[in-house]
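Undergrad: Just dropping this structure here.
Values quoted throughout were computed directly from the atomic coordinates according to the rules given, and no laboratory measurement underlies them. Note that the structure is predicted; figures quoted are calculated from it, not measured. Heads up, the Cβs are rebuilt from the backbone with ideal geometry, glycines too, and the neighbour counts pull from every protein chain shown.
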Amino acid sequence: MSNETATAADPTDTAPTPPPHGLGTSLKPADARAKTEGTFPYAADLWAEGLLWAAILRSPHPHARVVSIDTSFAAAMPGVHAVVTHEDVPGDPAHGRRIADRPVFASDLVRHHGEPIAAVAADHPDTARMAAAAIAVEYEVLDPVTDPEEAFAAEPLHPDGNLIRHIPLRYGDPEAAGDVVVEGLYRIGRQDPAPIGAEAGLAVPRPDGGVELYVASTDPHADRDLAAACYGLEPSRVKVVVTGVPGATADREDPGLQLPLGLLALKTGCPVKITATREESFLGHPHRHPTLLRYRHHADAEGRLVKVEAQILLDGGAYADASSESLAAAVAFACGPYVVPHAFIEGWAVRTNNPPSGHVRGEGAMQVCAAYEAQMDKLAARIGMDPAELRLRNALATGDILPTGQTVTCPAPVAELLREVRDFPLPQLPKDTPEEDWLLPGGPEGAGEPGAVRRGVGYGLGMVHMLGAEGADEVSTATVKVKDGVATVICAAVDTGQGFATLARQIVQETLGLDEVHVAPADTDQPPAGPACRGRHTWVSGGAVERAAKMVRTQLLQPLAAKFGMSTELLQITDGKITSYDGVLSTTVMEAMDGKELWATAQCRPHPTEPLDETGQGDAFVGMAFCAVRAVVDVDVEIGAIRVVELAVAQDVGRVLNPDQLRARIEAGVTQGVGAALTENLRAPRGLVRHPDLTGYALPTALDAPDIRIVKLVEERDVVAPFGAKAASAVPVVTSPAAVAAAVRAATGRPVNRLPIRPQAAVVTSGE
Amino acid sequence: MLLPASLDEAVEALAATPAAVPVAGGTDLMTSVNSGQLRPAALVGLGRISEIRGWQYQDGHALLGAGLTHARIGRPDFAALIPALAAAARAAGPPTIRNAGTLGGNIAAGAPTGDSLPVLAALEATLIIAGPGGSLREVPVSHLLAGMDNLRAGELIGFVRVPLLHAPQVFLKATGRTGPGRSTGSVAVVLDPARRGVRCAVGAIAPMPLRPLEAEAWVASHIDWDAGRALAPEALTAFGDYVAAACIPDGTAPDGTPEQLSPAVLHLRRTVAALARRALGRALA
């Protein structure tokens, strides 16, 4: 299968070159063709005989007391099979990944716009929607708490109180002071992960009283455990089957949609399907934390950082979700990839009645990066130093200590990354092309005028951690099976499009020398592999696949090695043939297997981390990845239109396992960062989500995406990571918004302290 | 779903099924249908009415069919005729929208951000509306957009009559991005050398396009129409500010005292001023 896809993809290649094989090659994803042609089935394409359609009634208010819910009229409508509310939840009424604080259905209080109140199953989607609308809910509307700064003093929105977590990081001498002090206040908006396919799923009841959920889950075992607790069932009687995932840059979790689906299937005894509307999708799933940051940087006259003081306030929305982890990342990386001898960082995550916040790629790290890089620009301007030079002077390196007291043991080529992007040639001005061909800010049909356009260049340096932090048990299990010369990988790690399935094939090809490798679909009958986020799967699941493959290799070669009296290490497998180092022995894999089937299962568990203590100290992270971005922007300084011309990226990747895939991941991350920098902000004045659609919420289009130049991929292997590879997706998202803001700052001379950058912040009024 | 082949048939179909909703490109209507906000009992598709999908000349005017798509209007032959309308059509959205969306639909939907609307307002276009029994009535586009004269039950916009001015016209639009997006402010400027007039309309900042009539008259009196339409650069800048101040006046509290505009509104005013200045500058260049 893989061979055909690979060769068919390149018809111009007349000589029969061998297809990409093993690590370091650009093996194509097995499903690439199906996805391109539109035949790949996603969750919304599922079908079952006799299925019912579900619809969910969501709260129109951000904060209200539920006085009464009357479902009688909806339940009596023809075609309606079941209506469920909080009274129909047999198990735990509340759920949550880390803290069970979120009700399946609101019972007495709604805490955000779009919180589920009830769900309906009917024989037609329209009937279901109409029945949901016919449920009479009486609300007593309450004043919403929408300003996170007010959450501290406001009446508790939740029995657990409004403060989700507070980290007061103390590192060094509080009395230390620098010759130069710069301060700033920064605001980061609410980015939506905006998966291209909205949430969807199918629940099928089982004869044993259990239920199967077919959903685009990114963490099937956690979703299964949530569902089982909610249904009051043993986890073994709930099965989550992962369908095609149509885009995931966040936890693809909207339990508000998945949990009612299974409830309805259990209640009706029929398969039940739901496809969320785009509006529901925007309301239900977690967003990036809107963040307020206050910074004070102290430096000496030569530009060396002396002390960083910061206050970081994350708006967690109504429920805890991933706010605690996001805050840990924000506080730990509040100074960025710089050496800071003294740091005092206060971080809070609070509850509000705003839309829910949770894990979105680069959470916590992205917000602080925009702020500390703005501070670095400010410092450079104050001292009169080149911004890149100032950054180089303070750059972190292996062996330096983070403000959490953790020593950076992994490769940290921060200075090298910055030099690479700084020294890359700048894009030419379009001087030699006719004026009407210039792509000006505002677009080809926009109002741009060359005379009003200024160009700016800015730098961003960013860092993220990889894997779960603070003592999270990071473990993954994988099984490799070989039969008839064909290998199969069985692992519950979800390929969200990030390419894990392709990587698993490459690992097995590399280890076993077999070309044909299949990856089985993921479900919860397999051992857990954990969530598909933070670049985990390359590390833990990739590591587990490699170990299992090596165990199979030993099983295969042991009898031969014993027969010839040599170690298995002296034998090698290529193109289905086993040869010894001296060429004396040569046999085929098929012969050696002799009709046997070989299985091996292995686990990978990286070395443990510890939680941050009460002063924010601790070895909380397994590994870190770094990135440098140079942004070149054009700004129409009269109307504030911004076009990102080029982003040059240099990234610390450890080792390149699949060059094409890696580049695609970096380009995708950079583009998501451009969205966060310029257009993506889900507005929710007074807690009510405005324009929950893809016209109002402007994702970058092909015209908005800049030229992305991947200048350098620094391959310094991380010795503790399997293959030495680092996660690559999150760090460009973290770094590129800061670089774009820096470039706009350079073009306009304005402070630019808010993301996304509003046009009025990029205007230069006359006289400047 | 009914698919009439002529305007008369379409009007008849609407009269026969009063609950039916007419649909042309569907770029506006279908989003409401798909999101479940609108459940029309029946649809009258206008896509097969060939008489409203073209245009013809009519004593110094162009008679544009309401079924002309943005894509068709954006083509060079059309741009030579009514340049500002062509520019607005090219800016109306991504190709998928431009291929389906129509001029008549843009008018009937009447969205504040409709890109063709300020151009039609500046051109002082007239709508020719077909009604029951083969009746035709004429309504200035501004009357319809202002709600002074609405479409009545069973009526359809058949044609739009636009004067051919044989002079430069400019449409400029500000959006929040480089790719196609909703307008945050737009300006159409058309020159009418025969009457020595300048006509300008500002879109997307109010429920309907705004005409700064005093600014138009003032700037027209300062253009030297006989010497290559020359205008002093200061007058050009003043025109932009005049238009912006006319369309976004200083705020006044209910008791009549002046009120500071919010930074966002001030920015919008600055944007309108820049667009109006650039638009007239390009028209006179």
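Undergrad: What FRET efficiency do you get for B:ARG196 and B:ALA41 if R0 is 51 Å and r is their Cβ-Cβ distance, rounded to the nearest 0.05?
TA: So the FRET efficiency works out to roughly 0.45.
Undergrad: List the residues whose amide H sits under 5 Å from the amide H of A:THR277, counting only those 5 or more places along or on another chain, with H placed 1.01 Å from N in the peptide plane.
TA: Excluding prolines and chain starts, which carry no amide H, there are no hits.
Undergrad: Still on this model: Are there any helices in chain A, counted as whole DSSP H runs, that stretch 27 Å or more along their axis by Cα and score at least 1.0 on average by Kyte-Doolittle, and if so which?
TA: Long hydrophobic helices here: A:730-748.
Undergrad: Another question, then. For the stretch A:288-356, what does the alpha-carbon gyration tensor say about shape, rounded, prolate or oblate, given a ≥ b ≥ c as the root eigenvalues, a/c under 1.5 as rounded, and a/b over b/c as prolate?
TA: Prolate, because a/c is 1.5 or more and a/b exceeds b/c.
Undergrad: Here is a follow-up. Along the charge dipole of the stretch A:24-103, Cβ charges K/R +1 and D/E -1, which of A:PRO62, A:VAL80, A:GLY24 sits furthest on the positive end?
TA: A:GLY24
Undergrad: Aspartates and glutamates within cross-link reach of A:LYS273: Cα-Cα under 16 Å, excluding same-chain residues under 8 positions apart?
TA: Those aspartates and glutamates meeting the cut-off are A:ASP45, A:GLU49, A:ASP123, A:ASP126, A:GLU199, A:GLU212, A:ASP254.
Undergrad: Now, a different point. Using Cα positions and a limit of under 26 Å, work out the lysines in reach of A:LYS726, with same-chain residues fewer than 8 apart set aside.
TA: A:LYS726 reaches A:LYS28, A:LYS550, A:LYS712.
Undergrad: How high is the FRET efficiency between A:VAL584 and A:GLN555 when r is their beta carbon distance and R₀ equals 35 Å, given to the nearest 0.05?
TA: Taking R0 as 35 Å, the efficiency between A:VAL584 and A:GLN555 is 0.95.
Undergrad: Can you work out the FRET efficiency for the pair B:THR252 and A:ASP400, with r the C-beta to C-beta distance and R0 = 60 Å, to the nearest 0.05?
TA: The calculated FRET efficiency here is 0.50.
Undergrad: Let me know the mean shielding of A:631-638 by other chains, meaning the per-residue number of their Cβ atoms within 10 Å of its Cβ.
TA: Partner Cβ neighbours, averaged per residue: 2.
Undergrad: A follow-up question, please. Would you tell me the mean number of C-beta atoms belonging to other protein chains that fall within 10 Å of each C-beta in A:697-705, as a whole number?
TA: 4
Undergrad: In nm, to one decimal, how far is the modelled label at A:TRP438 from the one at A:GLU140, with both set 7 Å along Cα→Cβ?
TA: Taking the simple label geometry, A:TRP438 and A:GLU140 are separated by 6.3 nm.
Undergrad: Which whole number gives the average, over all residues in A:438-451, of C-beta atoms from other chains lying within 10 Å of the residue C-beta?
TA: 6
Undergrad: Quick check on chain B: take the gyration tensor over C-alpha atoms, sort the square-rooted eigenvalues as a ≥ b ≥ c, and tell me if it's rounded (a/c under 1.5), prolate or oblate.
TA: It comes out prolate by the Cα gyration axes.
Undergrad: Mean 1/r over all different Cα pairs, inverted: what Kirkwood radius does the stretch B:169-284 give, in Å?
TA: About 14.8 Å, per the Kirkwood formula over Cα pairs.
Undergrad: Note down the nm distance, to one decimal, between modelled labels 7 Å out along Cα→Cβ at B:SER262 and at B:ARG137.
TA: Each label point lies 7 Å from its Cα, and together they span 3.9 nm.
Undergrad: Hey, can you grab everything whose amide H is under 5 Å from the amide H of A:LEU109? Only 5+ residues off in sequence or another chain; H modelled, so Pro and N-termini drop out.
TA: Residues meeting the criterion, in which the H sits 1.01 Å from N, are A:VAL66.
Undergrad: I would also like to ask the following. Tell me the label-point distance for the pair A:GLU302, B:ALA19, using the 7 Å Cα-to-Cβ offset, in nm and rounded to one decimal.
TA: 8.3 nm
Undergrad: With a/c under 1.5 counting as rounded, go ahead and sort the protein assembly as shown into rounded, prolate or oblate using the C-alpha gyration tensor (a ≥ b ≥ c being the square roots of the eigenvalues; past the cut-off, prolate if a/b is larger than b/c, else oblate).
TA: prolate
Undergrad: For a quick protection proxy, order the peptides A:88-96, B:169-177, A:71-79, B:78-86 by their average other-Cβ count within 10 Å, most packed first.
TA: B:169-177, B:78-86, A:88-96, A:71-79
Undergrad: How do the peptides A:317-328, B:193-204 rank, highest first, by the average count of neighbouring beta carbon atoms within 10 Å per residue?
TA: The peptides rank, most packed first, as A:317-328, B:193-204.
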